[in-house]
Each structure stands twice: as structure tokens, then as C-alpha cells.
Amino acid sequence: MKTNPIYFILAILLLLPLVQAIEINVDDYTIDYSYTKAVSGERFYLTITITNEANNTKEDIDLNFADSYPFNFISDEDLNIESLAPDESIKKTFQIEVATNADSNNYDLEFELDNEDSFLDIEVTSIKPELIITDISVEPKIISPDQEDVHLTLKLGNIGDGEANFVKAEIILPSGFTASDSYSTQEYLGSLSKSDNKSIDFYFDTDKLLASGPHQARLNLQFEDEDHESYQVSLPFNLPVIGKPVFAVVNSDLAPQELHSGSKAVLGITLQNIGTEDGKETSVRIFENSDLPFKFDEKTNYIGSIDSQELGRAVFNLVVDSDATPNNYWVKIQIRTVDNGNVLVTEDKINIAVVAKEPLNLDSVLLAALLVLIFLTAVLIIFLLFKKGKRKRR
């Protein structure tokens, strides 16, 4: 015995929850409609009842649904009614499929009834997960050049209606940022249900030269929904950088150029502010220790303000120990400056060479003595000749 398809549809409708009946008016008609739950990527049933509110019988009535996103009619989308007496009603059920990529929202299902345009309001629920970054925090709170192991925390939230499974997150850092050693750029989060939130932690270093302003990073996500459909999403976000003065030693010089044990000299250190911000109240401190054969008259030299990309110079007087061993010595220096009220300290080092005195060459000494002797002899002869000539004239 064959089953009538109408009975099959009715049986399904009895089992499925219906949205509360909604009533609208179009010209001389009242339309009551209800529908089963409309879910993205699935089919639902729409039942409409058309009632003639006029005082006369209506003939040849046409109801035509338009193709409108996200709805696609599986059954016939048209209804032709030969006649409808006053207060008479007719009911019809339509089978409709919702587009897979439809978001949770209310959509207009457009139609035309006897040349009058109108629409039915259909609420669609998406089982698609939707992941967004809900919060960003860093420690320390200010990102600046030349930092190590900056702790970045991203909070990931699911604002969709479906569950996200097998969530994998990978951070893509902008130029000037490098993932810290021993820390991963990827993290596996498992599942995120609707309205769920999870935190992700990353660590990065910043380059010594890094411009102020926002630097765009990305969080790449891979996950599946409940129907095992795969998603790949890239979420951009900004990492704001506040620049600072950054100093580099571009030159160090000695006067005289060669240092020997027991000698005195003037040490000059030339700095350049290679950062993006000006440095105020800049000074250079030099460190003595027992391994260095030097003594400095002053340990700190005040330079003052050094604007971005400008040079500054510090000068120190030093004395080399009398028993200094010829060698290359590394001297530690500390550069202090003030930026927006904050004291910034960086360290560097310079090389000072002590060289051995050249030993006297005996041949050279004898030659020099001989030349002096010849010179003195010549002077003496000239003097005697001059004196003898003077006596003869008398």
C-alpha cells in the first residue's frame, strides 16, 4: 500500500516544533504562517493559510515566492487558487532549504499575491561557529623597541550558534617582532562551545629599531563545526608600539692614539640616537674594575639631549698603570637617558688597546751620537777659525 506524501509531510510537521503562528495582511487577504526551525544548511517546512477578507469571491488568485537569499524552494514555490469565497481559507505547506553559509538572523522571504509585493519574516539559526578575538593584553603593558619575552594574551570567543572543534591557533607576527626562543607560535584549544571563551598565550621579542604606531599581526585559526566541515579564518589585530630613544656607540677614539704603560690620554665616545624618540638628560657612565689597567678622573659624563638620529659625545681623562700589560681591554659603559619621564638604561662596551713601548735600537743610538759629535766638532772648528781671524786683524 502506497503512502500519500501529504500524510508523510503532516507526520513530520507534528513531530517538529513550529514557530508561533504569525499573521500579516496583504490587500484583501489575511495570511497566517508558521514554520519548523530554520537552520543553515538544512531544510524546513513553511505552512501558510490564506483567508479571503473581502465581501466577494476572489477568482484566479496567484501566490508567487521570489528567489531570495538564503532560501531555496525544494517544493513548488507557486500557488494558484481558482476561487476563494468570503472568509474562506486555503492552506499549503512548502519545503525550503537554507543556504549553508547563512548566519543566524531574520531574513525576508519575499512573495507576490495578486500583484501585491510583501514578505514573510523567517528566523534562521546557524549551527556554524564564529570565532573572534574578544580581548588583547600584553605584559609589560607598553610595547617598545628592544624588548624580550613580551607576554601576549589573546582571548578567543565563539559568538556563533555552533560548536567549534579541534581549534588550532597560530600567530603571524609583523616585521620587527620575533617569536621568543623556546615558546611556540601555535596552540591547540580543543573545542569552543557557543558563548565560550578561551585564552591563548604567546611570547615575542621586538627589534632594536621599531617604529612607533600600530603594527598589524594575525591570528590564523583552523577548526571544524559539528558536521565536520572545516574552516580557516584569519583574524587581524594591532600591536601598538611606543618608540623610545635607542643609543649605539658609533666611534671611540684616544688622544694620543697609542697608549703605553704610565701614559695619559683622553678617551672620546661618540653616540648616535638611532631610535624614533628624543633622549633627554643623556649621560654616559664608565665602569672601572680590577682587571683594567686604567684610572679615570671622572666616572660619568653628562651629554644632555640627543634628538632622534643625532650624535652626542662623552669625554673621559684616563691614566694607564705603570705596570700595564699590553693587551686589548673591553671597558663596560652605561648609557642613561630620560624618555617621557622614564629613565632608560642600556649597556655597551668599547675596546681600549695598550701597546708596548718600542725598544731602543743600538745602531740608531750610535748613529745619532756620531751625528751629534760631528755637529759639535764642526761648530767648535768654526768658532776657533773665527777667533783666530779676529786676532790677525788686530
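The values are calculated or read from the model by the stated rules, or taken from the named source; none is laboratory data. Remember, predicted model here, so these are calculated numbers, not experimental data. Here the Cβ positions follow ideal geometry from the backbone for every residue, glycine too, while neighbour counts run over all protein chains shown.
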- Kindly indicate whether any position in segment 169-176 is of a type in the set (S, T, N, Q), more than 13 Å from the chain's Cα centre (by Cα) and in a loop (DSSP other than H, G, I, E, B). no
- Query: Is it the case that segment 136-159 has a residue that's of a type in the set (Val, Ile, Thr), over 30 Å from LYS58 (Cα atoms) and free of Cβ contacts under 8 Å to residues at least 40 places away in the same chain?
  - Reply: yes
- Query: Given (1) under 23 Å from SER175 (Cβ atoms); (2) assigned to a loop (DSSP other than H, G, I, E, B), where does ASP205 come up short, assuming only one miss?
  - Reply: (2)
- Message: So, ASP78, is that one among the charged types (D, E, K, R), at pLDDT below 85 and either under 57 Å from the mean Cα position of the chain (by Cα) or under 24 Å from GLU229 (Cβ atoms) (or both) or not?
- Response: no
- Message: Residues that are farther than 30 Å from PHE177 by Cβ, assigned to a loop (DSSP other than H, G, I, E, B) and assigned by TED's automatic domain parsing to the domain that holds SER137: does segment 255-267 have at least one?
- Response: no
- Residue check for ILE31: surrounded by 18 or more Cβ atoms within 10 Å (Cβ to Cβ), under 25 Å from GLU123 (Cα atoms) and in contact with a strand residue (DSSP E or B) (Cβ under 7 Å, 6 or more places away or on another chain): yes
- Return the residue satisfying two criteria in turn: it lies in segment 94-135 and is out of contact with any Leu (no Cβ under 8 Å at 6 or more places or on another chain) and without any contact (Cβ under 8 Å) to a residue 24 or more places away in the chain, and of such residues it is farthest from GLN222 (Cα to Cα). ASN115
- State whether the residues of segment 264-286 include one that is surrounded by 12 or more Cβ atoms within 10 Å (Cβ to Cβ), touching a residue at least 24 places away in the same chain (Cβ under 8 Å), in contact with a Pro (Cβ under 9 Å, 6 or more places away or on another chain) and hydroxyl-bearing (Ser, Thr, Tyr). yes
- Residues located in segment 287-336, provided they are surrounded by 13 or more Cβ atoms within 10 Å (Cβ to Cβ) and aromatic (Phe, Trp, Tyr): PHE287, PHE294, PHE296, PHE316, TYR329
- Message: Just to be sure I understand the filter: pairs with C-beta atoms under 8 Å, separated by 6 or more residues or on different chains, first member in segment 212-234 and basic (Lys, Arg), second member in a strand (DSSP E or B) and surrounded by fewer than 13 Cβ atoms within 10 Å (Cβ to Cβ). Which pairs pass?
- Response: ARG218/SER234; ARG218/PRO236
- Message: Between LEU63, LEU84, LEU46, LEU15, which is out of contact with any Gly (no Cβ under 8 Å at 6 or more places or on another chain) and modelled with pLDDT under 90?
- Response: LEU15
